[in-house]
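First up is the structure itself, then whatever we jot down about it.
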Amino acid sequence: MEMVQAIAICLLLLHFYYFCYAAFRSWGLVSVITGRLMTNTVKMGIFNEFNTTKVLSLGLLVLALLGTRGRPTETIRHGECN
């Protein structure tokens, strides 16, 4: 589930990089490697609409949230040492 969360966060970061490219370029945070990465990911078509990547990222985060199992709470008693 941690990998699904990481993919969702990376997808969201790529979304902001793609749609705010002018700001990243003015800040000097653009390189050849990120340009090639974005060229290949744009070909997939997930950046065609503004909300597509956001909804996909949100869906992955919800999936990760539903997939994690909660641990039962342990009761700690006064005077116990492990």
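A short reminder: the numbers here are calculations on the coordinates, not readings from a lab. The shown structure was predicted, so the numbers you read here are calculated from the model rather than taken from an experiment. Ideal geometry is used to build each Cβ from the backbone, glycine not excepted, and the neighbour counts take in all protein chains shown.
Just one of the numbered conditions (1) within 15 Å of the chain's Cα centre (by Cα); (2) surrounded by 12 or more Cβ atoms within 10 Å (Cβ to Cβ) is not true of Y21: (1). Close contacts from the range 12-23, counting a first residue that is under 17 Å from L58 (Cα atoms) and a second that is surrounded by fewer than 17 Cβ atoms within 10 Å (Cβ to Cβ) and among the charged types (D, E, K, R), with Cβ to Cβ under 8 Å and a gap of 6+ residues or different chains, come to L12/K54; H15/K54. Residues in the range 31-57 that are part of a helix (DSSP H, G or I), surrounded by 14 or more Cβ atoms within 10 Å (Cβ to Cβ) and free of Cβ contacts under 8 Å to residues at least 40 places away in the same chain: 3 in all.
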